[in-house]
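First up is the structure itself, then whatever we jot down about it.
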There are 2 protein chains.
Amino acid sequence: MKNVLIVKGHFIYTRTAENYEVYKNSCLVSVDGKVEGIYPSVPDRFKGVPVHDYGNRLVIPGFVDLHLHAAQFLQSGMGMTKQLLDWLEDYTFDLEREFQNREFARKAYSCFAEKLVACGTLRACIFASSSTTGTRELFEILKEKGIGAYVGKVNMDRNAPDFIIETTEDSLKGTKYLIEKYRDERLVKPIITPRFAPTSTEGLLKGLGELAVKYDLPVQSHLSESLDEIRWVQDLFKGAKNYSDVYFKNNLFKQTKTVMAHGIYLDDDEKKLVKKMDLMLAHCPDSNINLRSGIMPVRTYLDMGLKIGLGSDIAGGHKIGLNEAMVRAIQLSKILNLTNDKLKPLTVSEVFYMGTKGGGSFFGKTGSFEKGYLFDALVIEDDSMIAKRYSPEDRLEKFIYTGDDRNICARYVEGDKL
Amino acid sequence: MKNVLIVKGHFIYTRTAENYEVYKNSCLVSVDGKVEGIYPSVPDRFKGVPVHDYGNRLVIPGFVDLHLHAAQFLQSGMGMTKQLLDWLEDYTFDLEREFQNREFARKAYSCFAEKLVACGTLRACIFASSSTTGTRELFEILKEKGIGAYVGKVNMDRNAPDFIIETTEDSLKGTKYLIEKYRDERLVKPIITPRFAPTSTEGLLKGLGELAVKYDLPVQSHLSESLDEIRWVQDLFKGAKNYSDVYFKNNLFKQTKTVMAHGIYLDDDEKKLVKKMDLMLAHCPDSNINLRSGIMPVRTYLDMGLKIGLGSDIAGGHKIGLNEAMVRAIQLSKILNLTNDKLKPLTVSEVFYMGTKGGGSFFGKTGSFEKGYLFDALVIEDDSMIAKRYSPEDRLEKFIYTGDDRNICARYVEGDKL
């Protein structure tokens with residue numbers, strides 16, 4: 001039997017955000033990279049297939065990071081006294097310029113990709129830099145790693161230092177080159193990536209929206225992250241009803257599949273539009289606090305039925321492990337609860353869902369072990385004293401709160417062991 | 001020359017909270033475990049002494065953790081949906097009971113001590129459990145590790161499950177036994193440790209205060225951590241003016257050296273008393289958020305001149321690395337700043353000071369590299385791309401935000417390499 005994989009261990013995942021599904025001491029069968037089922041023992045029809053037996057270890061869906069900047073990885077955890085716009089000026093742009101150098105890009109992106117995969121992120125929506133050459137390196141490195149990703153060359157044609165902006169024409173040309181080169185890849189694909197409205201002319205946004213629609217490509221950008229930024233957008237785009245409208249008018253707001261990072265300060269019209277378009281928001285809690293942007297009202301958004309996944313937002317966020325984003329999402333929700341007890345804190349299963357199946361829906365059927373889902377998985381090893389004493393649910397919570405790459409002893413993407 | 005140590009590298013520490021002192025490519029001379037000075041090169045009088053040359057690495061003071069529970073280490077990151085009093089009932093007490101078993105205590109405390117030292121904490125104020133036998137194991141294990149610590153047998157004679165409380169008499173007797181056994185140790189010493197007011201009778205508090213004064217021993221406990229707890233204390237101690245007064249009346253509020261964890265909701269009288277007595281508060285940001293206790297108004301307290309160090313508060317806090325407490329202290333201060341811009345966020349040097357020299361003052365002269373300070377130090381190794389590109393200040397910030405035990409390649413306590 002080709003393409004059959006059997007994995008044994010304790011399986012834990014979230015079908016819905018409210019609860020875990022737990023299968024202790026079970027066998028998961030994956031056929032052609034997709035979950036066929038979870039059984040108490042190997043079904044007769046699969047007898048003879050070698051079993052990857054992980055004993056008392058946990059097997060969980062791989063992490064899905066909906067928002068991070070590969071070109072900022074080196075500066076993670078630096079310049080954290082700044083707020084968004086100053087931080088971009090003082091730290092970020094200088095580093096991003098280096099990625100025009102192919103050798104530098106290869107070296108820095110390799111560090112990034114290695115740590116990303118080590119920490120269990122098996123699907124990610126990634127901003128590269130404005131350099132087409134540098135971005136090509138990132139595509140190649142991620143392909144070698146074997147994870148799933150949407151990678152965007154960052155488009156900017158104004159309001160950033162000369163050394164990293166391009167003309168509208170060059171920005172679109174480079175984007176098109178990467179689309180043509182990588183659109184038929186299985187795992188690492190292009191995504192349309194205006195940095196954010198303020199660094200784009202209306203012409204650039206229009207051109208990018210056309211590319212998105214023409215090639216049916218996904219879109220990622222930033223939305224409503226800080227109050228200064230929102231005022232700036234209002235100044236720059238006088239004709240727009242609100243921040244979201246700047247993207248919407250240009251076919252960049254879920255006319256194709258779209259994820260927007262942050263969305264902290266959406267007004268009522270924007271919230272309605274996000275909901276109507278079924279657009280995915282990426283909640284990036286560490287970044288929002290580090291840059292003093294604000295706190296996303298996640299509980300309120302969830303109650304409204306908005307779709308929310310998680311982002312590490314390297315390097316506004318400092319930790320690349322998505323479990324850290326899960327913890328911080330809970331912590332921020334607890335802070336909101338301190339002043340308004342109607343806003344129930346996020347539970348561990350809710351943030352786990354956001355970081356697996358919830359965010360995973362952006363990539364199709366991934367982030368769960370339900371039948372038909374792509375088998376993207378992490379095998380978690382914890383201390384024997386913990387494994388002996390506590391339930392899978394407690395052990396998973398402990399891994400989320402205290403674990404790191406050292407606790408992940410195997411990784412699978414679409415049934416392939418990395 | 002005996003007892004002379006020379007260490008070469010980039011030294012960075014905080015003499016005051018406002019700024020770093022930085023000595024690049026310098027030589028620190030330590031004599032008899034104390035800093036003699038930092039020089040551009042080895043002074044003539046020390047020529048011939050072998051140099052521990054750490055090249056381009058950073059050398060920083062060791063971390064000082066003013067509040068954590070060794071007996072809760074295994075449960076770090078579990079039960080985080082609970083608030084303080086429920087969490088104690090549902091998770092903590094059951095685990096603490098196991099420490100009555102000597103073998104269990106040795107195994108669990110060994111895990112704890114190993115991770116604590118690995119993460120760079122070289123001085124700590126530690127709660128054990130109520131078991132005298134178990135606590136003795138912790139003393140022995142920490143002595144083997146070679147770090148400095150105050151270790152407290154936890155005193156409780158009411159309001160906790162029968163299996164972990166003692167009679168007042170037994171609680172005092174066990175405490176006295178450990179005092180007599182360990183009071184003359186050089187590095188690991190006893191500290192008087194009522195768990196907190198609600199689990200102590202007035203008789204126990206009185207007895208503990210007498211021991212503190214008689215043996216001139218330091219005191220640690222919890223103060224004003226959550227609103228439920230404060231109401232409970234008011235109910236239990238009708239004669240007390242406030243929570244602090246319960247301790248104060250019993251010689252447990254800086255009649256000898258005292259550190260109190262949390263102190264989130266101090267009323268004006270309490271703040272004045274804390275200031276007048278020059279009592280040390282241990283700020284435990286992760287714990288305060290995880291258990292939804294509240295946010296300590298650190299900036300306000302600092303402006304008043306209160307003395308504040310940091311605590312990981314394992315296992316209300318989930319991360320044992322004190323750098324994580326530094327980050328969370330900054331993050332919480334940024335959250336307070338979001339709603340009141342007069343409350344300036346804590347800076348990196350401020351939290352670094354709190355976690356080194358500030359908290360270190362509880363142990364005497366440690367946490368700084370000024371002349372006469374005990375040479376407690378960590379050597380920090382970061383990625384070569386980072387080391388080449390960024391300043392010592394940026395590299396330290398990055399280590400604090402993103403580093404872990406793998407970045408610490410050497411540790412010194414009082415001039416001895418661990």
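Computed quantities for the displayed model
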{"quantity": "Sequence-separation-based contact order of chain B, relative, with Cα cut under 8 Å and 6+ spacing, percent", "calculated": "20"}
{"quantity": "Residue order, fewest to most beta carbons within 10 Å, for A:ARG186, B:ARG15", "calculated": "A:ARG186, B:ARG15"}
{"quantity": "Most to least packed among A:391-401, A:272-282 [average Cβ atoms within 10 Å]", "calculated": "A:391-401, A:272-282"}
{"quantity": "Teacher prompt: B:ASP267 distances to equivalent labels in other copies, 7 Å Cα→Cβ, nm", "calculated": "4.6"}
{"quantity": "Members of A:LYS8/B:LYS398; A:LYS8/B:LYS82; B:LYS82/B:LYS272; B:LYS206/B:LYS344; A:LYS206/A:LYS275 lying beyond 30 Å, as alpha-carbon distances in this model show", "calculated": "A:LYS8/B:LYS398; A:LYS8/B:LYS82; B:LYS82/B:LYS272; B:LYS206/B:LYS344"}
{"quantity": "For region B:280-285, 3J(HN,Hα) per residue [Karplus equation, 6.51 cos²θ - 1.76 cosθ + 1.60, θ = phi - 60°, Hz, x = Gly/Pro]", "calculated": "8, 9, 9, 7, 10, x"}
{"quantity": "Hz values of 3J(HN,Hα) by residue in region B:133-140 - Karplus curve (6.51, -1.76, 1.60), Gly and Pro given as x", "calculated": "4, x, 5, 4, 4, 5, 3, 5"}
{"quantity": "Shape call, region B:140-254: gyration tensor on alpha carbons, a/c limit 1.5", "calculated": "prolate"}
{"quantity": "Under 11 Å, Cβ to Cβ, from A:VAL7 - net charge with Lys/Arg +1 and Asp/Glu -1", "calculated": "+2"}
{"quantity": "Residues with amide H under 5 Å from that of B:ILE314, placed H, sequence gap 5 or more", "calculated": "B:HIS69"}
{"quantity": "Computed [θ] at 222 nm, helices only, for the protein assembly as shown once each DSSP H run of length n ≥ 4 contributes -39500 (n - 2.57)", "calculated": "-10500 deg cm²/dmol"}
{"quantity": "Global form of region A:63-363, assessed from the alpha-carbon gyration tensor, a/c cut-off 1.5", "calculated": "rounded"}
{"quantity": "Cα centroid separation, region A:147-193 to region B:24-70 (Å)", "calculated": "48"}
{"quantity": "Mean Cβ neighbour count within 10 Å, used as a protection proxy, ranking B:24-36, A:71-83 highest first", "calculated": "A:71-83, B:24-36"}
{"quantity": "Average partner coverage of A:91-97, which counts Cβ from other chains inside 10 Å", "calculated": "1"}
{"quantity": "Degrees separating the helix A:202-215 axis from the principal Cα axis of chain A, which is the longest one", "calculated": "40"}
{"quantity": "Copies compared at A:GLY33 - label distances in nm, ascending, label defined 7 Å from Cα in the Cβ direction", "calculated": "6.1"}
{"quantity": "Shielding score for B:318-328, defined as the mean number of other chain Cβ atoms within 10 Å", "calculated": "2"}
{"quantity": "Other-chain or far-sequence residues with amide H under 5 Å of B:TYR150's (modelled H)", "calculated": "B:ALA124, B:CYS125, B:ILE126, B:LYS189"}
{"quantity": "Sequence-distant residues sharing a close amide H with A:ALA410 (under 5 Å, placed H)", "calculated": "A:VAL379"}
{"quantity": "Peptides A:52-61, A:375-384 ordered by average Cβ neighbours within 10 Å, highest first", "calculated": "A:375-384, A:52-61"}
{"quantity": "Relative contact order of region B:76-135, defined on C-alpha pairs under 8 angstrom at six or more residues apart (%)", "calculated": "40"}
{"quantity": "Label distances, nm, B:THR16 versus same residue in remaining copies, Cβ-directed 7 Å point", "calculated": "5.9"}
{"quantity": "Computed label-point distance, nm, for sites B:ASP53 and A:ARG186 using a 7 Å Cα→Cβ extension", "calculated": "5.1"}
{"quantity": "DSSP beta bridges in chain B [antiparallel fraction, %, rounded to 5]", "calculated": "45"}
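Read the figures in this text as sums done on the coordinates, not as results from a lab. Bear in mind that the values here come from a model prediction, so they are computed numbers and not experimental data. When we count neighbours, we look across all protein chains shown, and the Cβ atoms used for this are built from the backbone with ideal geometry, even at glycine.
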